[in-house]
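Since the structure comes first, as structure tokens, the remarks are kept for the end.
The values are calculated or read from the model by the stated rules, or taken from the named source; none is laboratory data. Because the structure is predicted, anything quoted here is derived from the model rather than measured. Note that we place each Cβ from the backbone using ideal geometry, even for glycine, and neighbour counts take in every protein chain shown. Each accessible area value is taken on the protein alone, full model and side chains, heavy atoms only, with ligands, DNA and RNA left out. Shrake-Rupley method; radii C 1.70, N 1.55, O 1.52, S 1.80 Å.
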Amino acid sequence: MPDIEPWIALSTIPEIGHITFRKLLSVYGDPEAVFDAPIEELAGIEGVSERKARNIKGFSDWKHIKAQLRKLDDLGVSVVTCMDGGYPSMLKQTVGAPAILYIKGSVKDEDRFAIAV
């Protein structure tokens, strides 16, 4: 399983929606590499404005992300990324599918046609 902190951090950055998140993943492979990328390079990606690139590079609230992870753990909520085997395969094929899911309970094979909010 990948280090989940960069995944959650990237998902909390203003103006980084599901489509932009996925675009960044397609270019860099994982959120950690996104945070390591130069601002000029980020701003050169289609759909990533200079303001979005500055928001990414300016992120520094890692303590908040760690606190969120502790709270999720206390609540019994797991985090599944689109790169994890547990990510629903049909959802993965959907345009604009979220890069991360917060799951309370479990996802089973028979749930592959299920809908959740």
Distance (nanometres) between label positions extended 7 Å along Cα→Cβ at S60 and E32: 2.3 nm
Ellipsoid equivalent to region 23-72 - semi-axes via the Cα gyration tensor, in Å: 23, 12, 9
Check: the chain dipole with +1 on Lys, Arg Cβ and -1 on Asp, Glu Cβ, in debye: 320 debye
Those lysines that a straight Cα-Cα span of less than 17 Å connects to K52, excepting residues fewer than 8 apart in one chain: K23
³J(HN,Hα) computed for each position of region 88-95 - Karplus, 6.51 cos²θ - 1.76 cosθ + 1.60, integer Hz, glycine/proline x: x, 5, 5, 5, 4, 7, 7, 5
Å³ per residue enclosed by the Cα convex hull of region 1-53: 70 Å³
Relative contact order [Cα under 8 Å, 6+ residues apart], the chain, whole percent: 27 percent
Accessible surface of the chain, 1.4 Å probe, proportion on carbon and sulfur as whole %: 54 percent
MRE, 222 nm, helices only [DSSP H, n ≥ 4, -39500 (n - 2.57), over the chain, to nearest 500]: -13000 deg cm²/dmol
Answer label, with mean projected area of the Cα convex hull in nm² calculated from the coordinates and candidates (i) 7.4; (ii) 8.9; (iii) 8.1: (i)
Between region 76-109 and region 1-50, the alpha-carbon center distance in angstrom: 18 Å
